[in-house]
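The values are calculated or read from the model by the stated rules, or taken from the named source; none is laboratory data. Bear in mind that the values here come from a model prediction, so they are computed numbers and not experimental data. Ideal geometry is used to build each Cβ from the backbone, glycine not excepted, and the neighbour counts take in all protein chains shown. Accessible surface is based on the protein model in full, side chains and every heavy atom, while ligands, DNA and RNA are left aside. Shrake-Rupley method; radii C 1.70, N 1.55, O 1.52, S 1.80 Å.
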Amino acid sequence: MAALLKKRALAEYCQTVVEEAPKPAKRLHLVRRSKTVDHSDFSTSSLDTVDPQQLLPALVNLHSSLPVTEVTMQRMGLMVGFMGDSQSEVVQELMKLLLNDSLPPIITTKVLSLLANIITTHTQAQPVFEEVMRVAQRTKSKKVLAQVVHSACALAQCVPPDPKLQDQVIQLALSHITTTKFIILVRCLEAVGTLCPVEAGRIQSSIMNTLIDHTSHQDNRVRTAAFNALMVVQEKGVKLPAEVYDSACKALSDDYQSVRAAALLLIKVAAESDPERLVPIPDSDLHMRLVDHAFSQICNVVNDINVRVRTQAASLLGSMAGISEKFLQQTLDKKLMSNMRRKRSAHERALAMLSSGEWSSGKRWADDAPKEQVEADSVSIISTGSCGANVHGLEDEFLEVRNAALDAICSLALNNAQFANQSLDFLVDMFNDEIEEVRLKAIQTVSFGHTPNTTTLPQ
């Protein structure tokens, strides 16, 4: 019986497994496609087809061959197809396609885009502009209407620019500004921002009001386009009203990173245009310079949740000039002020109570309040987010932010010797960074101060 049980146990665990021979691996044949585009396949005859499936590839091929000049034709050796056709013939064939109302919207949109890219002079743009405006009147497609505004804006800027055509584009954009489609709103805001006249007048005021109203639009893409258009208007030399700066400061707390990035650039440009303008401080009767207020607002964004916005904010800090020395020094100090007293962190308060052996019993009112008094003149009126802004940038977890902070400190130190002395310890600490690129940049930043025609850093 025992022998039988032993035989059964061995039978369970002693099994023979036959392995099949491995199958030969399949060999894959990879074909690398050429990235070059064959522009010789296009000719004006390919635009005469009525089949949209054949017409769209021809338009795409034409777009890939732009811009084409006679010199480039000879160099490329492409003397057939599109190279044999003159530009006027191509424009005429594209104009014929615009007259066909039965074409799909995608083809009409592509034709409008091609006309805006081909035509560069005012004499060619005049008849095409009129036909494009007719398309805007009879089309029902939102994408086609958005492309009409974009193409009309490009045609109105042909050399030499025509103010009459620009006024028509502005009126067209303002007439569709009440639509609910974001793609039309974005194109309209881009057009009015690009074509905004420098001279003050009714058109300029209506454009300003439109752009300011859309900075608080419900769609983040429209808000971004509004801030970008305001920045284009600012770069033209048009003085923006004070509400624009206030809207940009509020947009720094927006939920979308594209809006915050556009608002950052607008704040920096506004600070450069009028740095000495006084800005009221919230919940106070005091005022501060616009450039200092903009600097503190950008410092707040160094702690942004998005790494790209943090990198942009750290880069903008180094490009700003004329900052007060108090604000520069505060960016290297993490001490916060509250009610004219130094505000300590929770760890500092716990350490102080532990070292003294006294804990708050709760029997006396405010027995654990801070006892350290601070002089009123020593308190700088600055947002708490700007305290230690450069230090936060150097301690960021992403190397892009740390590199941008190093560049900003280097730029600011070259214009302020005292700030250079205070920032030297922080730069030396970056020699121990875990990334080689950051360590090298820190060494270059410190050594850059010893080059000729620059501020000399202390040894």
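Structure values in brief
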quantity	calculated
Residues located in region 311-344, provided they are more than 19 Å from V401 (Cβ to Cβ), at pLDDT 75 or above and either part of a loop (DSSP other than H, G, I, E, B) or touching a His at 6+ places or on another chain (Cβ under 9 Å) (or both)	A321, G322, I323, S324, D333
Residue match in region 238-246 (condition: surrounded by fewer than 20 Cβ atoms within 10 Å (Cβ to Cβ), part of a helix (DSSP H, G or I) and not charged (D, E, K, R))	yes
Close pairs from region 395-424: first buried (at least 18 other Cβ atoms within 10 Å of the Cβ), partner in a loop (DSSP other than H, G, I, E, B) and of a type in the set (S, T, Y), Cβ under 6 Å, at least 6 apart	A420/T455
Hits in region 271-310 - residues which are closer than 16 Å to E400 by Cβ, open to solvent by less than 70 Å² (accessible area, probe 1.4 Å) and not basic (K, R)	V301, V302, D304, N306, V307, V309
Residue pairs meeting the criteria (Cβ under 8 Å; at least 6 apart or on separate chains; first open to solvent by 80 Å² or more (accessible area, probe 1.4 Å), in region 428-453; second in a helix (DSSP H, G or I) and modelled with pLDDT of 90 or more)	D429/L394; N432/R439; E437/L399; E437/N403; I443/F431; F448/C410
Output for region 247-270, where each listed residue is open to solvent by 40 Å² or more (accessible area, probe 1.4 Å) and either charged (D, E, K, R) or in contact with a strand residue (DSSP E or B) (Cβ under 9 Å, 6 or more places away or on another chain) (or both)	K250, D255
Residue check, E130 without any contact (Cβ under 8 Å) to a residue 24 or more places away in the chain, closer than 23 Å to L114 by Cα and either of a type in the set (V, I, T) or open to solvent by 20 Å² or more (accessible area, probe 1.4 Å) (or both)	yes
Checklist (1) over 18 Å from A136 (Cβ atoms); (2) open to solvent by 40 Å² or more (accessible area, probe 1.4 Å); (3) in contact with a Phe, Trp or Tyr (Cβ under 9 Å, 6 or more places away or on another chain) applied to E199, failing item	(3)
Hits in region 269-295 (condition: modelled with pLDDT of 90 or more and over 24 Å from V232 (Cβ atoms))	R289, D292
